[in-house]
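S.K.: Can you read through this structure? Questions will come right after.
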There are 2 protein chains.
Amino acid sequence: MLRLSKRVEYGLVALQHLAKTGDVATVREISDENSISYDLLAKIMQDLKRDGVLYSSQGVRGGYGLMLAPQEIPVNRVVGALEEQSSITECTSETECCSREAVCTIKGPMHKLQEQMEQVLSSVTIAQLL
Amino acid sequence: MLRLSKRVEYGLVALQHLAKTGDVATVREISDENSISYDLLAKIMQDLKRDGVLYSSQGVRGGYGLMLAPQEIPVNRVVGALEEQSSITECTSETECCSREAVCTIKGPMHKLQEQMEQVLSSVTIAQLL
DNA sequence: GCAAGTAGGACTTTTTTAGTCCTATATAAC
DNA sequence: GTTATATAGGACTAAAAAAGTCCTACTTGC
């Protein structure tokens, strides 16, 4: 469907929230304000932390904060942190192996297309979402 | 997952096949040569015909042929003909209505991203797949 | 100690995509 | 005019992916 997953959508919303307030926020705050499932967002935040986009502090008065400036976080990176695959076809994936590989006639051109898509996704950052 | 569906992938392969040979071909020929399910490809060809990309002739010695020159068929068009939705998020769709619309804070920027994606998809044509 | 947080495993449900099966209709060749 | 070879298309099933839920553990400031 050529669509960003809800995970990425919610991730972007959360990062925008943090960039906007410039402060630490809890998952509960963000999920409430943006009508996002708490449990789902909690996982997303964990993944973003694992990727180094966020830091966290546990316990009372804990929460998540940005590790990077908004202009240093391209949409690209959020996609990479939150989705298993981000290639536009199986044959442009580095991890999967395409079932039609032996007869695939579009591999080369698809790689070019993929590169251009990545170019677009890396040119937009969280700073542009504000 | 930000991935083109198999329908689009197969559609591109089929169009490439027709452009390469410059002749009419049957679904069977194309599906055999490219290891694509016959039934699935048959539906795809019908959709591409409905969209005006292909013409067909029924009966013995029938088949499908290109209605347009390869350089007149952008990937964009193939996506449009073969997929229900092609927007990157729910909020950039014209037909769906986003469940989080009232609180959505990324609608504007997402539209810009969407436009850039479409730009890329419309800049590559079947002629470039040869 | 307790309330407010993150960490994360396991699971269910829903949605989408891919693929299959079957029947009808058109037509060129014989 | 019958037959073999095509497209046309409805209805269905299966598989995969995404979304969402539930539960428990661990951390930490007060």
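S.K.: If you take the residues of region B:1-36 that are within 13 Å of DNA strand C (Cβ to nearest atom) and of a type in the set (Val, Ile, Thr), which of them is surrounded by the fewest Cβ atoms within 10 Å (Cβ to Cβ)?
M.R.: B:THR26
S.K.: If only one of B:LEU40, B:LEU48, B:LEU82, B:LEU66 is within 14 Å of DNA strand C (Cβ to nearest atom) and closer than 20 Å to B:LEU129 by Cα, which one is it?
M.R.: B:LEU82
S.K.: Could you please let me know if A:LEU41 is of a type outside the set (Asp, Glu) and either away from chain B (no Cβ under 13 Å) or open to solvent by less than 20 Å² (accessible area, probe 1.4 Å) (or both)?
M.R.: Here the answer is yes, as A:LEU41 does meet what is asked.
S.K.: Limited to region A:96-130, what total is found for residues that are in a loop (DSSP other than H, G, I, E, B) and within 7 Å of another protein chain (Cβ to nearest Cβ)?
M.R.: Adding up the residues that qualify gives 4.
S.K.: Tally time: how many residues in region B:73-83 are at the interface with chain A (Cβ under 10 Å from one of its Cβ atoms) and either over 17 Å from A:THR89 (Cα atoms) or not charged (D, E, K, R) (or both)?
M.R.: Looking only at that region, the number is 2.
S.K.: Test each condition in (1) away from every other protein chain (no Cβ under 14 Å); (2) surrounded by fewer than 17 Cβ atoms within 10 Å (Cβ to Cβ); (3) in contact (Cβ under 8 Å) with a residue 40 or more places away in the chain for A:GLN46 and report the one that comes out false.
M.R.: Failed condition: (3).
S.K.: Would you check which residues across region A:3-43 are assigned to a loop (DSSP other than H, G, I, E, B) and either without any contact (Cβ under 8 Å) to a residue 40 or more places away in the chain or in contact with an Asp or Glu (Cβ under 7 Å, 6 or more places away or on another chain) (or both) and list them?
M.R.: A:ARG3, A:SER5, A:GLY22, A:THR26, A:SER35, A:ILE36, A:SER37
S.K.: Could you tell me which of the residues A:SER57, A:SER86, A:SER93 is exposed (fewer than 13 other Cβ atoms within 10 Å of the Cβ) and either more than 10 Å from chain B (Cβ to nearest Cβ) or of a type in the set (S, T, N, Q) (or both)?
M.R.: The conditions single out A:SER57.
The values are calculated or read from the model by the stated rules, or taken from the named source; none is laboratory data. Since the model is a prediction, treat every value here as computed from it, not as a measurement. Glycine also receives a Cβ, built like all others from the backbone with ideal geometry; neighbour counts cover every protein chain displayed. Note: areas computed on protein heavy atoms with side chains; ligands, DNA, RNA excluded. Shrake-Rupley method; radii C 1.70, N 1.55, O 1.52, S 1.80 Å.
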